[in-house]
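The structure under discussion appears below in the form of structure tokens.
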Amino acid sequence: MTTWRYAAATDTGLVRETNQDSILATERLVVVADGMGGHAAGEVASAITVQVLGRAFAENDTVVGLEEGIEEANQSILADAFDAPEHLGMGTTVICVGLTTDSQGISSPTLFNVGDSRAYQLRDGALRQLSQDHSVAEEWVRMGRLTSEEAAVHPLRHQLTRALGVENGIEIDVQTLDVQPGDRVLLCSDGLSNELSPNQIATLASSPVPLEEAVQQLIARANAAGGRDNISVVLVEFDSVTPTNERAISGVRKVAPKVASPTLPTRSALMATRRSRYTWRTGAFIGACVLVIVGFFAVLQWYARSGYFLADDSGQVAVYQGQPHGILWYKPTKVLDTGFLFSQLRPGDQRALAQTISEPSVAAAVHYATFLYTAWQQTQTGSTTTTTTKTTKG
């Protein structure tokens, strides 16, 4: 039987006004979600995620159950943004470890990851990173295009290539962990990993003190280093572990299937009929009318939010989602800053950007912005660069 002890805490940090992180820690499931998006929307996205995962795992404590819980959280965030336009653009990372049960009833610690929150394993004071960051800079490190030192200061280091609440289909990294009694596993948001070095994390997280004290020391040290972001830490220590000959040890990557756009409960509720007052024909007619109205607004919302474009945002080249001039009350929303300045474009490209430049996706928009910057840079130094990405973390 596999069991653990745990401690968890989250802190706003010294710079941010609100805490958009959410955490969950129980005897069988630990979760860290780092929200993104303004107007507290990131806080909403991360809170939805831990709530959905807690319930989903209680109902189905298998690998499939947690995968489906992450997919459900993704759809719930999208549905909330549909209902509340002020939440458009919100999203969250998620990293969690659950003691998942197989068909023989044997539990194993399984790690699930989307985004750039991290999981570390500590054994005898040595630290090993278990998760891979889903960010542009870190993926370039894995491709050999950047060193770790270059990635740490690169302008695209905070741009995520995966997150919940961005699109219907999500890719989830899933791996079964090989642990021993006494091992510790640390989950954290990038408010910790960006402030502390691996050696500092290893020293504090493996310190022979109660788990609660180790967690507080990690947060205090991150704040002392600057506290520029929200800081969330969950630390578990394994007391007992099912022998490896009784459980499978493997690392796998799974891709969640594309799913339909969420059906909003507030819309479907309007289709209910009260048989005590109406005939079935009246109910059918009302239902058909509601379907037409819902369909109209669904199509309107889809069209208003379809497409992306580049535009000047106070001297920054930014990517927006939606139609350049908006449709009725649906206004375009900024998705990310590309990191390039308006002044770093050729005069003709500046004029084109002033009229907005449409692109089919975030990645295409960032790619074209990079092309424009490269073209300008060639007139300055002759150097060239290319980039690709999906989304950004704010």
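Being acidic (D, E) and without any contact (Cβ under 8 Å) to a residue 24 or more places away in the chain is the filter; apply it to segment 62-78 and report the residue that is nearest to T49 (Cα to Cα).
Filtering first and then ranking leaves E72.
Against the condition in contact with a helix residue (DSSP H, G or I) (Cβ under 9 Å, 6 or more places away or on another chain), outside any helix (DSSP H, G or I), modelled with pLDDT of 95 or more and over 14 Å from A25 (Cβ atoms), how does E195 come out, does it pass?
Spelling it out, E195 is indeed in contact with a helix residue (DSSP H, G or I) (Cβ under 9 Å, 6 or more places away or on another chain), outside any helix (DSSP H, G or I), modelled with pLDDT of 95 or more and over 14 Å from A25 (Cβ atoms).
Would a scan of segment 3-19 turn up a residue that is modelled with pLDDT of 95 or more, buried (at least 19 other Cβ atoms within 10 Å of the Cβ) and within 14 Å of the chain's Cα centre (by Cα)?
Scanning segment 3-19 turns up no residue that is modelled with pLDDT of 95 or more, buried (at least 19 other Cβ atoms within 10 Å of the Cβ) and within 14 Å of the chain's Cα centre (by Cα).
Please determine, by comparing only the residues of segment 103-152 that are in a loop (DSSP other than H, G, I, E, B) and among the aliphatic types (A, V, I, L, M), which one is modelled with the highest pLDDT.
L130
Report, ordered by the first and then the second residue, all pairs with beta carbons closer than 6 Å, sequence separation of six or more or different chains, a first member in segment 199-226 that is among the hydroxyl-bearing types (S, T, Y), and a second member that is buried (at least 16 other Cβ atoms within 10 Å of the Cβ).
S206/L122; S207/A214
Restricting to segment 96-118, give me the number of residues that are of a type in the set (A, V, I, L, M), within 21 Å of E71 (Cβ to Cβ) and surrounded by fewer than 24 Cβ atoms within 10 Å (Cβ to Cβ). First the steps, then the outcome.
Taking segment 96-118 and keeping what is of a type in the set (A, V, I, L, M), we get 97, 99, 106, 111, 114.
From the residues that got through so far, the ones that are within 21 Å of E71 (Cβ to Cβ) too are 97, 99, 111, 114.
Next, from what is left, pick out any that are surrounded by fewer than 24 Cβ atoms within 10 Å (Cβ to Cβ): 99, 111.
Number satisfying all stated conditions: 2.
The values are calculated or read from the model by the stated rules, or taken from the named source; none is laboratory data. These figures come from a predicted structure and were not determined experimentally. Note that each Cβ is placed from the backbone with ideal geometry, even for glycine, and that neighbours are counted across all protein chains shown.
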